[in-house]
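Worksheet for the structure shown next.
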Amino acid sequence: MPRWEPDARERLVVAALHLFNEQGYDETTVAQIVERAGLTRSTFFRHFPDKRDVLAAGQETLSRLLTDGIASAPDDAGALDAMAEGLRGAAGAMTPVSREFGPQLQAVIAASAELQQRDQLKRVGLAAAAAEALRARGVDRRTADLVAELGMLAFKEAYATWVAGDDEQDFGALATGALEQLRVAAAALG
């Protein structure tokens, strides 16, 4: 077996998702994942500290794209407009493979309390990164926190629609549309 596999990370994620769906998250071992992927344990641990982290693959990229998008918003953009730019940036992490395996990922997470908790922590981490990026633009703490949470609600709603395949729009359009609907709803609060 070659020492370097160019698509090893993706192969590990795909193998893990298949196994998690077939036999459950708790029953799946790292040994089974690497066997299914045709790789070695050392390759697995070069990419992931443990099997939980397989499901968070791409989290760093998503966070970076989100915060880079916020930072690159025009100087005169308000907080919600900067968040919209962040969501457009995050769309870069939403590949056809992500969309294809989205329903499987949702099913695996729904079947495990541990993974549900980890998914929530992932969202908290994204919200914290977005809020920090907004504060770096000069947005006050409360506003930054609120806008980041609205952004995560928009992200969650867009992701559910996107993986369901009910809408042919790209992820960025779905997310910014959801954020705009939240903006209108918040304005209607009075």
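Only one of 184, 124 is out of contact with any Asp or Glu (no Cβ under 6 Å at 6 or more places or on another chain), more than 23 Å from residue 57 (Cβ to Cβ) and without any contact (Cβ under 8 Å) to a residue 60 or more places away in the chain; which?
Numbers: 124 fails: more than 23 Å from residue 57 (Cβ to Cβ).
On inspection, the qualifying residue turns out to be 184.
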Exercise for review: Of the conditions (1) of a type in the set (Asp, Glu); (2) assigned to a helix (DSSP H, G or I); (3) farther than 30 Å from residue 138 by Cα, residue 26 clears all except one; give me its number.
Suggested key: (2)
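Which of the residues spanning segment 40-70 are part of a loop (DSSP other than H, G, I, E, B) and among the charged types (D, E, K, R)? Don't jump to the end; show me each part of the working.
Initially, segment 40-70 is screened for residues part of a loop (DSSP other than H, G, I, E, B), giving 40, 48-50, 57-58.
Result: 50, single match.
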**Study point:** Boolean, residue 85 is out of contact with any helix residue (DSSP H, G or I) (no Cβ under 7 Å at 6 or more places or on another chain) and either of a type in the set (Asp, Glu) or on the phi > 0 side of the Ramachandran plot (or both)
**Key:** no
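Given 73, 82, 77, which one is assigned to a helix (DSSP H, G or I) and either at pLDDT 95 or above or under 15 Å from residue 7 (Cα atoms) (or both)? Explain how you work it out, then say what you get.
Details: 73 fails: assigned to a helix (DSSP H, G or I); 77 fails: assigned to a helix (DSSP H, G or I).
Residue meeting the stated conditions: 82.
The values are calculated or read from the model by the stated rules, or taken from the named source; none is laboratory data. The model shown is predicted, which means the values in this text are computed figures rather than measured ones. A quick note on method: Cβ atoms are made from the backbone with ideal geometry, for glycine too, and the neighbour counts reach across all protein chains shown.
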